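Chemist: Okay, here's the structure, questions in a sec.
The values are calculated or read from the model by the stated rules, or taken from the named source; none is laboratory data. Source: prediction; values computed, not measured. Note: ideal-geometry Cβ built from the backbone for every residue, glycine included; neighbour counts use all protein chains shown. For the accessible areas, the whole protein counts, side chains as well, though only heavy atoms, and no ligand, DNA or RNA atoms are used. Shrake-Rupley method; radii C 1.70, N 1.55, O 1.52, S 1.80 Å.
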Amino acid sequence: VQLVESGGGLVQPGGSLTLSCEVSGSILNFYYMAWYRQPPGKQRELVARRQRGGVISYADFVKGRFTISRDNAKNTVYLQMSGLEPEDTAVYYCNAHTNLSEDFWGQGTQVTVSS
């Protein structure tokens, strides 16, 4: 299984970015798909998670600014981010989690929020 993220970059505070995660197999094979992030000098943390059945959860710090979605036909998961703040600066990782508690990770994409 390969996960390839894209869409990161430099954005000004208040700006928007959409991250994409393309999966080599069907995303419906996984119990859930998720986005994590790792800010500089900090541990990796959950940003958003979408279960196969459609249940979605977000970290408290998202505050309604981010949306996780998927396109089953394209085997792609998205993270739409708006109202970005400098504190959102991090490497963002895509995660695929199976029913057997296996985890697959992408290589990460850098998001930098700075003026």
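Chemist: So what is the relative contact order for the chain, in percent, with contacts set as C-alpha pairs under 8 Å and at least six apart?
Modeler: Taking the mean separation of contacting Cα pairs over the length of the chain, I get 38 percent.
Chemist: Stretched out fully, how many nm does the piece from Q38 to F61 gain, at 0.36 nm a residue minus the Cα gap?
Modeler: 6.9 nm
Chemist: Then there's this: Choose one answer from A34, A73, A96: the residue with the largest mean-square fluctuation in a GNM of the chain with alpha-carbon springs under 10 Å.
Modeler: A73
Chemist: About the Cα centre, and with charges only on the beta carbon of Lys, Arg (+1) and Asp, Glu (-1), how big is the dipole of the chain? Nearest 20 debye, please.
Modeler: 200
Chemist: Let me ask something else. When ligands, DNA and RNA are left out and all protein chains stay put, how many square angstrom of accessible area per residue does region 32-97 have with a 1.4 Å probe?
Modeler: 48
Chemist: Using 0.36 nm times the number of residues separating Q80 and Y31, minus their current alpha carbon distance, what extension gain do you get?
Modeler: That pair, Q80 and Y31, stretches by 15.5 nm at full extension.
Chemist: Between A59, A90, A48, find the one with the highest GNM mean-square fluctuation for the chain; connect C-alpha pairs within less than 10 Å.
Modeler: Of A59, A90, A48, the most mobile in the Gaussian network model is A59.
Chemist: Turning to a different aspect of this structure: Within 10 Å of each candidate Cβ there may be at most 14 other Cβ atoms; applying that plus a DSSP loop requirement, which GluC sites (Glu not before Pro) in region 1-110 survive?
Modeler: E102
Chemist: Here is a follow-up. Within 10 Å of each candidate Cβ there may be at most 12 other Cβ atoms; applying that plus a DSSP loop requirement, which trypsin sites (Lys or Arg not before Pro) in region 58-106 survive?
Modeler: K63
Chemist: What chymotrypsin sites (Phe, Trp or Tyr not before Pro) in region 1-92 are in a loop by DSSP, with at most 16 other Cβ atoms within 10 Å of the Cβ?
Modeler: When the chymotrypsin sites (Phe, Trp or Tyr not before Pro) of region 1-92 are filtered for loop state and at most 16 Cβ neighbours within 10 Å, Y31 remain.
Chemist: With a/c under 1.5 counting as rounded, go ahead and sort region 22-71 into rounded, prolate or oblate using the C-alpha gyration tensor (a ≥ b ≥ c being the square roots of the eigenvalues; past the cut-off, prolate if a/b is larger than b/c, else oblate).
Modeler: oblate
Chemist: Using a Gaussian network model on the chain with a 10 Å cutoff between Cα atoms, which of I68, I27, I56 fluctuates the most?
Modeler: Per the Cα network of the chain with a 10 Å cutoff, I56 tops the list.
Chemist: Same structure, new question: Using the Cα centre of the chain as origin and beta-carbon charges of +1 (Lys, Arg) and -1 (Asp, Glu), tell me which of S101, G41, L28 is placed farthest towards the positive end of the dipole.
Modeler: Sorting the options by dipole projection puts first L28.
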